[in-house]
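S.K.: Could you have a look at this structure, given as structure tokens, before my questions?
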Amino acid sequence: MNKTTLAEFLTHAELAEPALRGMITDIAQACKAIAVQVNKGALLGTMGSLEAQNVQGETQKQLDVISNDLFLQMNQQGGHYAGMASEEMDEPYVMAERYRQHGRYLLLFDPLDGSSNVNLNLSVGTIFSILRCPHGISEPLVMDFLQPGSAQVCAGYALYGTSTMLVLTTGQGVHGFTLEHDSGDFVLTHASMQIAASSNEFAINMARQRWWDAPVQRYIADCQAGSEGPLGKDYNMRWVASMVAEVHRILIRGGVFMYPVDAKTREAGGRLRLMYEANPMAWLVEQAGGLASDGQQRILDITPQGLHQRVPVYLGSRDEIQRMATYFNA
Ligand code: AFP
């Protein structure tokens, strides 16, 4: 097989920002280091939870903190970033001056998405998003990070599953790389991923059904009605409780993923985080021909109000997301 490594791909790619070469290379290294920690599982005795809670009020897993520290340390050394923000930290990370003084970008990330699955040996991942740092800012504040998803210069995730993969976009389509353990290289295995416009597979946490709003109730009821119902086709369902795994499945074989706001999450605005879950995934999905909405508008057009803001998420196959919009506008 004629293989293209990530390094070769980046060398030949037309990148809007030349610095992306170094930034993506550092992210790949950090994800490889996290993969080692995750793959070793119970051997390292790091499968448990800590007493501590993160800003989301979630009990932190040991691997949440280990992954967070690895991602911070391994990405700051390149000197590309003026600031970083993570699901595991209340405030933006204050970097040592020697690393941030020439930084022109901001890195946002969820170091270990789906971490409640990590001791179940189910797929987990790392999600990342890169923004430009506003001009002249060397000590970015929260407000400097609050840019719409349409301002991203790079977005992606690493999936620690049956194989370790890195999937990313810089605005030139979505490309997937598989880690070749022998060489340590990420090799291009999924070039120009495209999401099927039509699909009959949905992912939603059905256990929350009683709290959903009417449009979601109707759409799921119509899916469940199958070929005898108004949609005239049978639907299947999946739920991995790991957004990275759900989005990866949709990039491979289509489908929709939904995490609506509901009666239990209305005050919080939803469950999933805009800046380091919804925005990067929305850009990947759109770059692969799908759609991503909060039920009212394109996720990438949302003006962020907070670093850990939560939003409703509906993303995936174009025809289904457009259909869902008619339920919201009905
Ligand atoms: P954790 O990272 O805390 O495991 O949460 C995972 C997640 O943010 C997202 O990846 C899943 O799609 C969703 O939460 C799972 O939610 P449920 O707990 O409702 O299944």
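S.K.: Can you figure out the FRET efficiency of ALA7 with GLU228, using R₀ = 56 Å and their beta-carbon distance, to the nearest 0.05?
M.R.: Efficiency for this residue pair is about 0.60.
S.K.: On to the next question. If you average the alpha carbon positions of region 161-178 and of region 196-241, how far apart do those two centres end up, in angstrom?
M.R.: Between the Cα centres of region 161-178 and region 196-241 lies a distance of 27 Å.
S.K.: Next question. How large is the Kirkwood hydrodynamic radius of the chain, in angstrom, based on all distinct alpha carbon pairs?
M.R.: With all distinct Cα pairs of the chain included, I get 20.1 Å.
S.K.: Principal axis lengths of region 195-330 from Cα atoms, whole Å, largest first?
M.R.: Projected onto the principal axes, the Cα atoms of region 195-330 cover 44, 31, 28 Å.
S.K.: Once you sort the root eigenvalues of the Cα gyration tensor of region 240-281 as a ≥ b ≥ c, which label holds: rounded (a/c under 1.5), prolate (a/b larger than b/c) or oblate (the other case)?
M.R.: prolate
S.K.: Let me make sure I get this right: for region 202-271, a, b and c are the square roots of the gyration tensor eigenvalues over alpha carbons, sorted descending. Under 1.5 in a/c it's rounded, otherwise prolate if a/b > b/c, else oblate. Which is it?
M.R.: Cα axes put region 202-271 in the oblate bin.
S.K.: Using alpha carbons only, how many degrees (0 to 90, rounded to 10) separate the axis of helix 214-225 from the longest principal axis of the chain?
M.R.: Tilt relative to the chain: about 70 degrees.
S.K.: If a/c stays under 1.5 just call it rounded; otherwise compare a/b with b/c (prolate if a/b is bigger, oblate if not). Do that for region 277-330, with a ≥ b ≥ c from the square roots of the Cα gyration tensor eigenvalues.
M.R.: Oblate shape, in that a/c is at least 1.5 and b/c is the bigger or equal ratio.
S.K.: What do you get for the angle between helix 62-76 and the principal long axis of the chain? Use alpha-carbon atoms, 0 to 90 degrees, nearest ten.
M.R.: Approximately 50 degrees, to the nearest ten.
S.K.: Over region 1-140, how many percent of alpha carbon pairs lie in each 10 Å bin up to the one with the longest distance?
M.R.: It works out to 11, 38, 32, 17, 2, in whole percents.
S.K.: Relative contact order (percent) for the chain, with alpha-carbon contacts under 8 angstrom and 6 or more residues of separation?
M.R.: 16 percent
S.K.: Now a separate question. What GluC sites (Glu not before Pro) in region 230-298 are in a loop by DSSP, with at most 16 other Cβ atoms within 10 Å of the Cβ?
M.R.: GLU267
S.K.: Okay, next question. How many lysine pairs does the chain hold where the Cα atoms are under 20 Å apart and the two sit 8 or more places apart or on different chains?
M.R.: The number of close lysine pairs in the chain is 4.
S.K.: Now, a different point. Calculate how steeply helix 318-329 sits against the longest principal axis of the alpha-carbon atoms of the chain, using the helix alpha-carbon long axis, and give the answer as 0 to 90 degrees to the nearest 10.
M.R.: 60 degrees
Read the figures in this text as sums done on the coordinates, not as results from a lab. Since the structure is predicted, the reported quantities are computational estimates derived from the model, not experimental observations. For neighbour counting, all protein chains shown are included, and Cβ atoms are generated from backbone atoms with ideal geometry for every residue, glycine included.
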